[in-house]
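Here is the structure we will look at.
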Amino acid sequence: LREELIRDVSQTGGHLASNLGAVELTVALHRVLDTSRDRLVFDVGHQCYLHKMLTGRREQMTTLRQFGGIAGFPKPSESVHDAFIAGHASNSVAVALGMAQARDVMGADNIVAALIGDGALTGGLAYEGLSNGGQYRGQLLVILNDNGMSIAQNVGAVAQHLASQRLKPQYLSFKQGYRKVMGSFWLGRKLYRVTHSVKKALKQSILPCSMFENMGFTYLGPIDGHDLDRLVHVLEWARELRCPVVVHVKTVKGKGYSFAEQNPDKFHGVGPFDPETGLLKKNGGDDF
């Protein structure tokens, strides 16, 4: 997928580095979700290239952002797999929450997920969505794709907060196994509720919580965004929790292509280039 993505974008131009960093995450999401009925809302929308390749548009990638070709963003009129058209609006959580509430009204049972980049957390609408989402009592999955960058390096208090978040994978595995065992008989379920309440009270009094937990979300992460098995495992668990969940995924912008890893801002949005050298091709005609 990475090789195809590099080859296709080198011909058409497009958003390369951010998509290279989301390869394993996109594959994992498509193992866990059925996007023909589950709703996956992108934010930012230009990270959808792999999603398009995995939903019947792989052969059309050479027409990306060309007249008459496929769009560089999710486009519902293009495919049933594209839930919502989105660019850089920081609105994915708010949109996903609306879709989740509509699902509940209609009595459906599909999964609703928002895939939001840490760069999109610089927009205030993201926090309105998180604030409202934390009060919601149904299934809502928010995947935070944290590569430490927007177009360039992120700065400020939010970036510092995300960098400080730590939750050991071993703890997640233990917690999942404990919940499964205790949920298998009535006394275990009663004991689980008691121990969960005690643990929650102790955690809140002793340990600093993430801002997502303070807003009412269950927080899972950070997860290595290039460990496919771990991603699938955690996303499957998050899907089954049936409550507002944030899965914090750490990725590397430009992953797997040395030129993009070394210069992620240059390869964020790029024109046609030589994939062997990383050098831009000279435009033979007038641009816009």
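The values are calculated or read from the model by the stated rules, or taken from the named source; none is laboratory data. Worth saying up front: this structure is predicted, and the values here are computed from it rather than measured. So basically every Cβ, Gly included, is an ideal-geometry build from the backbone, and we count neighbours across all protein chains shown. All accessible areas refer to the heavy atoms of the entire protein, side chains included, with ligands and DNA or RNA removed. Shrake-Rupley method; radii C 1.70, N 1.55, O 1.52, S 1.80 Å.
Quick notes on this one:
- Note on surface exposure: HIS30, HIS248 rank HIS30, HIS248 by accessible area, highest first, 1.4 Å probe.
- When each of LYS250/LYS281; LYS52/LYS255; LYS255/LYS281; LYS52/LYS250 is checked by Cα-Cα distance, pairs over 25 Å: LYS250/LYS281
- Calculated log₁₀ intensity ratio I(q)/I(0) where the Debye formula runs over C-alpha points of segment 1-88, q = 0.19, 0.21, 0.22, 0.26 Å⁻¹: -0.80, -0.99, -1.10, -1.58
- At the residue level, ILE111 shows approximately 10 square angstrom of accessible surface with a 1.4 angstrom probe and all protein chains present.
- Computed from label points 7 Å out along Cα-Cβ, the spacing between GLN262 and GLN60 is 3.6 nm.
- Heavy-atom accessible surface of TYR219, to the nearest 10 Å², is about 10 Å², with a 1.4 Å probe and all protein chains retained.
- Residues VAL41, VAL80, sorted by accessible area with the largest first, give VAL80, VAL41 [1.4 Å probe; ligands and nucleic acids excluded].
- For segment 83-147, the relative contact order comes to 44 percent (Cα pairs under 8 Å, sequence separation of at least 6).
- Backbone amide hydrogens, once placed in the peptide plane, bring ARG39 within less than 5 Å of ILE111, VAL112, ALA113, excluding anything fewer than 5 places away on its chain.
- Prolate/oblate/rounded call for segment 1-159, Cα gyration tensor, a/c under 1.5 rounded: oblate
- Whole-percent carbon and sulfur share, accessible surface of segment 1-49, 1.4 Å: 41
- Per residue, the average separation of C-alpha pairs within less than 8 Å and at least 6 apart gives segment 1-145 a relative contact order of 25 percent.
- Solvent-accessible area, 1.4 Å probe, carbon plus sulfur percent, for segment 211-276: 44
- A 1.4 Å probe, protein heavy atoms only, puts the accessible area of ARG7 near 120 Å².
- Solvent exposure of segment 60-141 as accessible area per residue, Å², 1.4 Å probe: 44
- Probe 1.4 Å, all protein chains present, accessible-area order of ASP109, ASP82, largest first: ASP109, ASP82
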